[in-house]
Amino acid sequence: DAPHPLSKIPGGRGGSRDPSLSALIYKDEKLTVTQDLPVNDGKPHIVHFQYEVTEVTVSSWDAVLSSQSLFVEIPDGLLADGSKEGLLALLEFAEEKMKVNYVFVCFRKGREDRAPLLKTFSFLGFEIVRPGHPCVPSRPDVMFMVYPLDQNSSDED
């Protein structure tokens, strides 16, 4: 029996948390999707999307999968080139492969670019989530927008 690699390298460069092990979920020419292996069950899964816009530009999105919903946090600062294409690939993957009911994006309400973000995500089909929505946590400093995916209307072939 061959020796098995250590799952964690002792004495490795430390961050504030242990590095998670990731499993490849999907890969094609443009999109790579990995998921952190859960340390203990019951916690939401973290899913990483990497979309190759060009040979040198990659759009990366991290999301949390929790009870048939995918939550995508929009990082502070300007969105990178290719972010829109990457997000569209994420939405398509979430609908076709993950079979989630909702994709939520969230960002700090205090952002300077909040108005253009609202406009951009509304244009893509996202709707503002009212406070108290049962699917989102109560975070007064964070704005949520939802992209509902109707899984009943899309018939599999």
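The values are calculated or read from the model by the stated rules, or taken from the named source; none is laboratory data. Everything numeric in this text was worked out from a predicted model, so none of it was measured. Counting neighbours? That spans all protein chains shown, and the Cβs are built from the backbone with ideal geometry, glycine included.
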- Answer yes if at least one residue in the stretch 100-121 is among the small types (Gly, Ala, Ser) and loosely packed, with under 14 Cβ neighbours inside 10 Å, and no otherwise. yes
Conditions (1) more than 23 Å from LYS109 (Cα to Cα); (2) touching a Pro at 6+ places or on another chain (Cβ under 9 Å) -> ASP62 fails only (1)
Look at VAL72 and say whether it is out of contact with any Ser or Thr (no Cβ under 8 Å at 6 or more places or on another chain), more than 19 Å from TYR147 (Cα to Cα) and at pLDDT 90 or above.
no
